[in-house]
1. Helix-derived [θ] at 222 nm for the chain: sum -39500 (n - 2.57) over DSSP H runs of at least 4, divide by residue count, nearest 500?
2. From the Cα gyration tensor of the chain, with a ≥ b ≥ c the square roots of its eigenvalues, which class applies: rounded if a/c is under 1.5, or else prolate if a/b is larger than b/c, or else oblate?
3. If we sort 210-216, 279-285 on the protection proxy, mean other Cβ atoms within 10 Å, highest first, what's the order?
4. Given the Cα-Cα distance of VAL55 and ALA276 and 0.36 nm per residue of separation, how much length would full extension add, in nm?
5. Please report the relative contact order for the stretch 183-297, taking Cα pairs under 8 Å with a sequence separation of at least 6, and give it as a percent rounded to a whole number.
6. With every protein chain present, what is the per residue accessible area of the chain (1.4 Å probe, Å²)?
7. At a 1.4 Å probe, what is the % contribution of carbon and sulfur to the accessible area of the chain?
8. So what is the relative contact order of the stretch 1-110, in percent, for Cα pairs below 8 Å that sit 6 or more residues apart?
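The values are calculated or read from the model by the stated rules, or taken from the named source; none is laboratory data. Keep in mind the model is a prediction, meaning the values are calculated, not measured. Cβ atoms come from the backbone with ideal geometry, glycine included; neighbour counts cover every protein chain shown. Ligands, DNA and RNA are stripped out before the accessible areas are found, and what is left, the full protein with its side chains, is counted by its heavy atoms. Shrake-Rupley method; radii C 1.70, N 1.55, O 1.52, S 1.80 Å.
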Amino acid sequence: MHDARREHRRGLVYGLAAYGAWGVFPIYLKAVRAVPVLEVLCHRVVWALVVLAVVTAVRGEVGAIADTLRHRRALLVLSGSTVLIAINWLVYIFSVTYSRILESSLGYYINPLVSVLLGIVLLGERLTPLMKAAVVAAAAGVTWLAIDLGQLPWISLVLAFSFGTYGLLRKIAPVGALIGLTVETLLLAPLCAAYLGWSMTHGRSGFLAGGPWIRTLLLLAGPVTALPLLCFAAAARRLPLSTMGFLQYVSPTLQFLLAVAVYEEKFSRGRAGAFACIWVAVAIFAYDSVRRRAPEPVVA
(Lines give C-alpha, C1' and ligand atoms only; values in the text may rest on other atoms or scores of the structure.)
Protein backbone atom coordinates (compact mmCIF):
# COMPACT_ATOMS: atom_id res chain seq x y z
CA MET A 1 0.00 0.00 0.00
CA HIS A 2 2.74 2.44 0.98
CA ASP A 3 4.72 1.57 -2.15
CA ALA A 4 1.64 2.23 -4.30
CA ARG A 5 1.09 5.62 -2.66
CA ARG A 6 4.74 6.49 -3.05
CA GLU A 7 4.63 5.60 -6.75
CA HIS A 8 1.45 7.64 -7.19
CA ARG A 9 3.08 10.70 -5.61
CA ARG A 10 6.14 10.24 -7.81
CA GLY A 11 3.85 9.96 -10.80
CA LEU A 12 2.18 13.26 -9.90
CA VAL A 13 5.57 14.94 -9.60
CA TYR A 14 6.66 13.60 -12.99
CA GLY A 15 3.34 14.55 -14.58
CA LEU A 16 3.38 18.08 -13.23
CA ALA A 17 7.01 18.43 -14.30
CA ALA A 18 6.17 17.35 -17.86
CA TYR A 19 3.06 19.45 -18.37
CA GLY A 20 4.56 22.32 -16.39
CA ALA A 21 7.62 22.35 -18.64
CA TRP A 22 5.43 22.37 -21.75
CA GLY A 23 3.37 25.15 -20.19
CA VAL A 24 6.34 27.47 -19.61
CA PHE A 25 8.04 26.57 -22.89
CA PRO A 26 7.08 30.02 -24.30
CA ILE A 27 9.68 31.55 -21.97
CA TYR A 28 12.40 29.60 -23.78
CA LEU A 29 11.00 30.44 -27.22
CA LYS A 30 10.74 34.14 -26.35
CA ALA A 31 14.41 34.07 -25.37
CA VAL A 32 15.40 32.88 -28.87
CA ARG A 33 12.82 34.91 -30.82
CA ALA A 34 15.60 36.74 -32.69
CA VAL A 35 16.40 33.44 -34.43
CA PRO A 36 14.26 32.56 -37.48
CA VAL A 37 11.33 30.28 -36.64
CA LEU A 38 12.40 27.51 -39.02
CA GLU A 39 15.94 27.53 -37.63
CA VAL A 40 14.63 27.17 -34.06
CA LEU A 41 12.63 24.14 -35.18
CA CYS A 42 15.69 22.61 -36.83
CA HIS A 43 17.86 23.11 -33.74
CA ARG A 44 15.12 21.54 -31.63
CA VAL A 45 15.04 18.45 -33.85
CA VAL A 46 18.80 18.00 -34.24
CA TRP A 47 19.74 18.48 -30.59
CA ALA A 48 16.75 16.50 -29.36
CA LEU A 49 17.96 13.60 -31.49
CA VAL A 50 21.35 13.77 -29.77
CA VAL A 51 19.73 13.59 -26.33
CA LEU A 52 17.29 10.84 -27.34
CA ALA A 53 20.09 8.82 -28.90
CA VAL A 54 22.02 8.93 -25.62
CA VAL A 55 18.93 7.99 -23.59
CA THR A 56 18.00 5.07 -25.84
CA ALA A 57 21.60 3.85 -25.80
CA VAL A 58 21.75 3.98 -21.98
CA ARG A 59 18.45 2.10 -21.80
CA GLY A 60 19.65 -0.47 -24.31
CA GLU A 61 16.87 0.29 -26.80
CA VAL A 62 18.94 1.04 -29.90
CA GLY A 63 17.87 -2.32 -31.29
CA ALA A 64 14.23 -1.28 -30.93
CA ILE A 65 14.89 1.76 -33.11
CA ALA A 66 16.51 -0.43 -35.77
CA ASP A 67 13.57 -2.84 -35.62
CA THR A 68 11.11 0.03 -36.02
CA LEU A 69 12.95 1.35 -39.06
CA ARG A 70 12.68 -2.13 -40.64
CA HIS A 71 8.99 -2.48 -39.75
CA ARG A 72 7.13 -1.23 -42.84
CA ARG A 73 3.81 -0.45 -41.12
CA ALA A 74 5.44 1.25 -38.14
CA LEU A 75 7.67 3.33 -40.41
CA LEU A 76 4.73 4.37 -42.58
CA VAL A 77 2.66 5.48 -39.57
CA LEU A 78 5.61 7.29 -37.98
CA SER A 79 6.36 9.06 -41.26
CA GLY A 80 2.86 10.52 -41.12
CA SER A 81 3.18 11.46 -37.45
CA THR A 82 6.58 13.04 -38.20
CA VAL A 83 5.00 15.44 -40.70
CA LEU A 84 2.25 16.33 -38.23
CA ILE A 85 4.54 16.95 -35.27
CA ALA A 86 6.83 19.09 -37.45
CA ILE A 87 3.84 21.22 -38.48
CA ASN A 88 2.70 21.43 -34.86
CA TRP A 89 6.10 22.48 -33.55
CA LEU A 90 6.61 25.01 -36.36
CA VAL A 91 3.24 26.71 -35.87
CA TYR A 92 3.68 26.73 -32.08
CA ILE A 93 7.11 28.36 -32.34
CA PHE A 94 5.61 30.90 -34.76
CA SER A 95 2.75 31.68 -32.36
CA VAL A 96 5.13 32.40 -29.46
CA THR A 97 7.62 34.36 -31.56
CA TYR A 98 4.91 36.65 -32.93
CA SER A 99 3.02 37.10 -29.62
CA ARG A 100 0.01 34.90 -30.36
CA ILE A 101 0.31 32.60 -27.36
CA LEU A 102 -3.37 33.02 -26.49
CA GLU A 103 -4.31 31.39 -29.78
CA SER A 104 -1.95 28.48 -29.20
CA SER A 105 -3.29 28.07 -25.67
CA LEU A 106 -6.83 27.83 -27.02
CA GLY A 107 -5.65 25.24 -29.55
CA TYR A 108 -4.35 22.96 -26.83
CA TYR A 109 -7.49 23.44 -24.76
CA ILE A 110 -9.67 22.17 -27.61
CA ASN A 111 -7.24 19.44 -28.67
CA PRO A 112 -8.94 16.70 -26.55
CA LEU A 113 -12.27 17.53 -28.18
CA VAL A 114 -10.66 17.40 -31.61
CA SER A 115 -9.30 13.95 -30.71
CA VAL A 116 -12.86 12.88 -29.85
CA LEU A 117 -14.16 14.18 -33.19
CA LEU A 118 -11.41 12.36 -35.07
CA GLY A 119 -12.34 9.18 -33.24
CA ILE A 120 -15.93 9.61 -34.39
CA VAL A 121 -15.06 10.38 -38.02
CA LEU A 122 -12.23 7.90 -38.50
CA LEU A 123 -12.89 5.17 -35.94
CA GLY A 124 -16.68 5.16 -35.82
CA GLU A 125 -16.84 6.05 -32.12
CA ARG A 126 -20.12 7.43 -30.74
CA LEU A 127 -20.62 10.78 -29.07
CA THR A 128 -22.31 10.91 -25.64
CA PRO A 129 -24.89 13.68 -25.03
CA LEU A 130 -22.48 15.51 -22.73
CA MET A 131 -19.70 15.26 -25.29
CA LYS A 132 -22.03 16.74 -27.91
CA ALA A 133 -22.61 19.68 -25.58
CA ALA A 134 -18.84 20.08 -25.11
CA VAL A 135 -18.27 20.09 -28.87
CA VAL A 136 -21.00 22.71 -29.38
CA ALA A 137 -19.49 24.92 -26.66
CA ALA A 138 -16.02 24.58 -28.18
CA ALA A 139 -17.35 25.40 -31.65
CA ALA A 140 -19.05 28.48 -30.19
CA GLY A 141 -15.73 29.54 -28.64
CA VAL A 142 -13.82 29.13 -31.91
CA THR A 143 -16.54 31.05 -33.78
CA TRP A 144 -16.48 33.82 -31.18
CA LEU A 145 -12.70 34.10 -31.48
CA ALA A 146 -12.93 34.18 -35.29
CA ILE A 147 -15.35 37.11 -35.06
CA ASP A 148 -13.06 38.91 -32.61
CA LEU A 149 -9.98 38.35 -34.79
CA GLY A 150 -11.78 39.06 -38.05
CA GLN A 151 -10.46 35.80 -39.47
CA LEU A 152 -10.32 32.10 -38.70
CA PRO A 153 -8.11 31.38 -35.65
CA TRP A 154 -5.86 29.29 -37.86
CA ILE A 155 -3.14 28.90 -35.23
CA SER A 156 -5.59 27.34 -32.76
CA LEU A 157 -7.11 25.07 -35.39
CA VAL A 158 -3.81 23.93 -36.92
CA LEU A 159 -2.34 23.15 -33.49
CA ALA A 160 -5.46 21.30 -32.34
CA PHE A 161 -5.96 19.24 -35.49
CA SER A 162 -2.28 18.50 -36.14
CA PHE A 163 -1.76 17.36 -32.55
CA GLY A 164 -5.05 15.48 -32.46
CA THR A 165 -4.25 13.61 -35.68
CA TYR A 166 -0.71 13.04 -34.43
CA GLY A 167 -2.10 11.42 -31.30
CA LEU A 168 -4.38 9.22 -33.39
CA LEU A 169 -1.47 7.97 -35.49
CA ARG A 170 0.69 7.38 -32.43
CA LYS A 171 -2.09 5.27 -30.91
CA ILE A 172 -1.96 2.87 -33.86
CA ALA A 173 1.84 2.90 -34.16
CA PRO A 174 3.26 -0.29 -32.61
CA VAL A 175 5.99 1.57 -30.66
CA GLY A 176 6.32 3.32 -27.30
CA ALA A 177 6.60 7.07 -26.70
CA LEU A 178 10.39 7.24 -26.44
CA ILE A 179 11.14 5.04 -29.44
CA GLY A 180 8.46 6.77 -31.49
CA LEU A 181 9.81 10.26 -30.84
CA THR A 182 13.38 9.09 -31.47
CA VAL A 183 12.41 7.69 -34.86
CA GLU A 184 10.44 10.85 -35.70
CA THR A 185 13.40 13.10 -34.91
CA LEU A 186 15.66 10.70 -36.82
CA LEU A 187 13.46 11.09 -39.89
CA LEU A 188 13.43 14.89 -39.58
CA ALA A 189 17.09 15.34 -38.65
CA PRO A 190 18.66 15.04 -42.16
CA LEU A 191 16.44 17.81 -43.55
CA CYS A 192 16.98 19.97 -40.48
CA ALA A 193 20.75 19.46 -40.51
CA ALA A 194 20.83 20.31 -44.22
CA TYR A 195 18.91 23.54 -43.60
CA LEU A 196 21.21 24.52 -40.73
CA GLY A 197 24.23 23.86 -42.92
CA TRP A 198 22.75 25.94 -45.74
CA SER A 199 21.89 28.84 -43.43
CA MET A 200 25.43 28.87 -42.03
CA THR A 201 27.11 28.85 -45.44
CA HIS A 202 24.79 31.59 -46.76
CA GLY A 203 25.15 33.97 -43.82
CA ARG A 204 21.59 33.47 -42.57
CA SER A 205 22.32 31.55 -39.39
CA GLY A 206 20.89 32.93 -36.19
CA PHE A 207 23.22 30.56 -34.35
CA LEU A 208 26.33 32.23 -35.81
CA ALA A 209 24.90 35.75 -35.67
CA GLY A 210 23.76 35.42 -32.07
CA GLY A 211 25.99 35.81 -29.09
CA PRO A 212 27.10 33.09 -26.65
CA TRP A 213 23.75 33.25 -24.81
CA ILE A 214 21.70 32.54 -27.95
CA ARG A 215 24.04 29.72 -28.98
CA THR A 216 23.79 28.14 -25.55
CA LEU A 217 20.00 28.33 -25.62
CA LEU A 218 19.84 26.73 -29.07
CA LEU A 219 22.09 23.89 -27.90
CA LEU A 220 19.75 23.41 -24.94
CA ALA A 221 16.83 22.82 -27.33
CA GLY A 222 17.58 19.10 -27.10
CA PRO A 223 17.18 18.70 -23.32
CA VAL A 224 14.27 21.15 -23.31
CA THR A 225 12.48 18.88 -25.79
CA ALA A 226 13.48 15.46 -24.46
CA LEU A 227 13.33 15.83 -20.66
CA PRO A 228 9.59 16.63 -20.44
CA LEU A 229 8.92 13.58 -22.60
CA LEU A 230 10.85 11.34 -20.21
CA CYS A 231 8.92 12.82 -17.26
CA PHE A 232 5.67 12.22 -19.12
CA ALA A 233 6.57 8.59 -19.78
CA ALA A 234 7.46 8.09 -16.11
CA ALA A 235 4.15 9.66 -15.03
CA ALA A 236 2.10 7.60 -17.47
CA ARG A 237 3.49 4.39 -15.96
CA ARG A 238 2.44 5.42 -12.44
CA LEU A 239 -0.86 7.32 -12.78
CA PRO A 240 -4.38 6.38 -13.88
CA LEU A 241 -5.44 7.63 -17.29
CA SER A 242 -8.09 9.86 -15.69
CA THR A 243 -5.41 11.68 -13.68
CA MET A 244 -3.23 12.14 -16.76
CA GLY A 245 -6.29 13.45 -18.57
CA PHE A 246 -6.69 16.23 -16.01
CA LEU A 247 -2.98 17.05 -15.92
CA GLN A 248 -2.96 17.78 -19.66
CA TYR A 249 -4.78 21.07 -18.97
CA VAL A 250 -1.86 22.36 -16.89
CA SER A 251 0.06 23.22 -20.06
CA PRO A 252 -2.47 25.47 -21.88
CA THR A 253 -3.42 27.10 -18.56
CA LEU A 254 0.19 28.12 -17.92
CA GLN A 255 0.47 29.34 -21.52
CA PHE A 256 -2.67 31.41 -21.03
CA LEU A 257 -1.36 32.97 -17.81
CA LEU A 258 1.99 33.77 -19.41
CA ALA A 259 0.31 35.37 -22.42
CA VAL A 260 -1.92 37.63 -20.30
CA ALA A 261 0.12 38.34 -17.17
CA VAL A 262 3.71 38.30 -18.46
CA TYR A 263 3.67 39.08 -22.18
CA GLU A 264 0.57 41.32 -21.99
CA GLU A 265 -1.17 39.99 -25.07
CA LYS A 266 -4.48 41.66 -25.81
CA PHE A 267 -7.31 39.97 -23.90
CA SER A 268 -10.39 41.72 -25.20
CA ARG A 269 -14.00 41.03 -24.26
CA GLY A 270 -14.30 39.02 -27.44
CA ARG A 271 -11.41 36.78 -26.47
CA ALA A 272 -12.73 36.52 -22.93
CA GLY A 273 -16.05 35.29 -24.31
CA ALA A 274 -14.30 32.80 -26.57
CA PHE A 275 -12.23 31.38 -23.73
CA ALA A 276 -15.30 31.23 -21.48
CA CYS A 277 -16.97 28.97 -24.05
CA ILE A 278 -13.84 26.83 -24.29
CA TRP A 279 -13.54 26.51 -20.51
CA VAL A 280 -17.17 25.41 -20.34
CA ALA A 281 -16.41 22.81 -23.01
CA VAL A 282 -13.35 21.63 -21.07
CA ALA A 283 -15.37 21.35 -17.85
CA ILE A 284 -18.05 19.27 -19.58
CA PHE A 285 -15.41 17.11 -21.25
CA ALA A 286 -13.58 16.55 -17.95
CA TYR A 287 -16.77 15.62 -16.13
CA ASP A 288 -17.83 13.20 -18.85
CA SER A 289 -14.31 11.72 -18.99
CA VAL A 290 -14.33 11.02 -15.26
CA ARG A 291 -17.56 9.10 -15.67
CA ARG A 292 -16.23 7.03 -18.55
CA ARG A 293 -12.48 7.07 -17.72
CA ALA A 294 -10.52 9.75 -19.54
CA PRO A 295 -8.89 8.91 -22.89
CA GLU A 296 -5.13 8.49 -22.82
CA PRO A 297 -3.37 11.84 -23.41
CA VAL A 298 -0.72 12.18 -26.11
CA VAL A 299 2.80 13.70 -26.01
CA ALA A 300 3.50 17.46 -27.14
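1. That calculation yields -27000 deg cm²/dmol at 222 nm.
2. oblate
3. For the peptides 210-216, 279-285, the packing ranking is 279-285, 210-216.
4. Length gained between VAL55 and ALA276: 75.4 nm.
5. Once normalised by length, the contact order is 29 percent.
6. Dividing the accessible area of the chain by its residue count gives 47 Å².
7. Ligands and nucleic acids excluded, carbon and sulfur give 68 percent.
8. With pairs under 8 Å counted, the relative contact order is 37 percent.
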